[in-house]
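The values are calculated or read from the model by the stated rules, or taken from the named source; none is laboratory data. These figures come from a predicted structure and were not determined experimentally. A quick note on method: Cβ atoms are made from the backbone with ideal geometry, for glycine too, and the neighbour counts reach across all protein chains shown.
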Amino acid sequence: MDNNTDNQEYRFQPEQIDWKTMEKFGLNQEKLEKMNAMDSLLRGFKTNTLIPITINLGTAVSKMDVRLSLQTGDTGQVAVHLHGIRKEPNLNNTFLGHQFTDEDKKNLKESGNMGRVVDLVNLKTDEIIPSVISRDRLTNELVAYRAEYMKIPDEIKGIKLDEHQKQTLLEGRPLYLEGMTSKKGEPFDATVQFNADKRYVEFLFNTKPSQLQSQQQSQEQKTSNQQPQHTDKEAPKVFRGKELDDSQYEKFKAGQTIYIDGLTDAKGKAYQGYITFNKETSKTDFSFTHPNKLKEEAKPTVDHKTQTAVNTQGKTNEATKNLKEPLESKQQQPANKQQEDQQKKVRKPRGQKL
């Protein structure tokens, strides 16, 4: 390994590695350096490639290919972890509290990335951690990565990302980019997506735009239906992780709109709004603005009512009934001298001819 490399870039140092354990696997520092595996290990990542190891079980010797990683244990010691090859990922059981949907399974098998942020549970502390999930394509191991640690670049191969594109990637979804420039200076198009195993945005060249659109539509449908439906028409006591107090709940289940704060989005930012329980659909409607205020703002003004009544409905307004022209927006009085003269003219009834 190059001794001139800045050690500040590394999470671990070579002397922290348990080389006695490595020797039991038939490995040493020299071998790992020749396989270009030391750099990723010291940075805190898994080795980029599969490493052949030998395990002596006493009565038998087992050989296998694994990915290696270094992890700090509870006592502070650096331990060597082996990531063996699985025939297929285990998607039927819960993963850190998350139950995979059919769409989740499909995405993990096809692209390797689940494609959305979900709440996972730390089994030791019970902490709820919004995370993305990917499949290690070399071992089929499932890997989770905290959403708060995700870093999205401002530019990818010459294409500057706007805020909407960055948000798409932060939500774990795939993004199709056109007109990128390769290292050889050649233009190319590809899908990009954050990979939890690699911990960065990767290229997915085998994903077609039509498949991408289908996945995005499916994800949008899930997002719109993320609130559970209560078939028994009972109002939920918890909304997006925030439990309602007794006073709030009584109003909420009665169908009243209540204010709720202390909510947290996928990026960990707090927000607040108004919720209303719809008894007919058993769904909870959320709005950042009070629905009654929105209705009030949507009501037509008196000026607009006058204009509509006169111009459209054929009704009259005492102050403008003699005007010949249609009323302008918000007009309730004559707008100029000509209209004033028209309004003052009152036709006298003609007598009947004998």
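Quick look at the numbers
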quantity: In the range 58-75, the residues that are surrounded by 10 or more Cβ atoms within 10 Å (Cβ to Cβ) and of a type outside the set (Lys, Arg); calculated: VAL61, MET64, ASP65, VAL66, LEU68, SER69, LEU70, GLN71, THR72
quantity: Helices (runs of 4 or more DSSP H) lying entirely in the range 157-262 (those with 2 or more residues that are closer than 30 Å to HIS290 by Cβ and modelled with pLDDT under 80); calculated: 209-224
quantity: Single condition ILE152 does not satisfy, out of (1) without any contact (Cβ under 8 Å) to a residue 60 or more places away in the chain; (2) at negative phi; (3) not in a loop (DSSP other than H, G, I, E, B); calculated: (3)
quantity: Total residues in the range 77-88, condition in a strand (DSSP E or B) and surrounded by fewer than 13 Cβ atoms within 10 Å (Cβ to Cβ); calculated: 1
quantity: Residue count for the range 115-133, restricted to those that are crowded, with 19+ Cβ neighbours inside 10 Å and either among the β-branched types (Val, Ile, Thr) or touching a residue at least 60 places away in the same chain (Cβ under 8 Å) (or both); calculated: 7
quantity: Flag if ASP136 is in contact with a Pro (Cβ under 8 Å, 6 or more places away or on another chain), surrounded by 14 or more Cβ atoms within 10 Å (Cβ to Cβ) and acidic (Asp, Glu); calculated: no
quantity: Residue in the range 45-53 that is part of a helix (DSSP H, G or I) and out of contact with any Ser or Thr (no Cβ under 8 Å at 6 or more places or on another chain) present; calculated: no
quantity: Residue within the range 146-163 that is closer than 23 Å to ASN92 by Cα, assigned by TED's automatic domain parsing to the domain that holds GLY179 and surrounded by 16 or more Cβ atoms within 10 Å (Cβ to Cβ) present; calculated: no
quantity: Yes/no for LEU91 being assigned to a loop (DSSP other than H, G, I, E, B) and exposed (fewer than 14 other Cβ atoms within 10 Å of the Cβ); calculated: no
quantity: Subset tally (residues that are farther than 20 Å from GLU88 by Cβ and part of a strand (DSSP E or B)) for the range 103-131; calculated: 8
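Listed here are the residues, each with its yes/no results for (1) more than 34 Å from the chain's Cα centre (by Cα); (2) of a type in the set (Val, Ile, Thr); (3) more than 20 Å from LEU142 (Cβ to Cβ).
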| residue | (1), (2), (3) |
| --- | --- |
| THR49 | no, yes, no |
| THR54 | yes, yes, yes |
| VAL61 | yes, yes, yes |
| MET64 | yes, no, no |
| THR75 | yes, yes, yes |
| HIS81 | no, no, no |
| GLY84 | no, no, no |
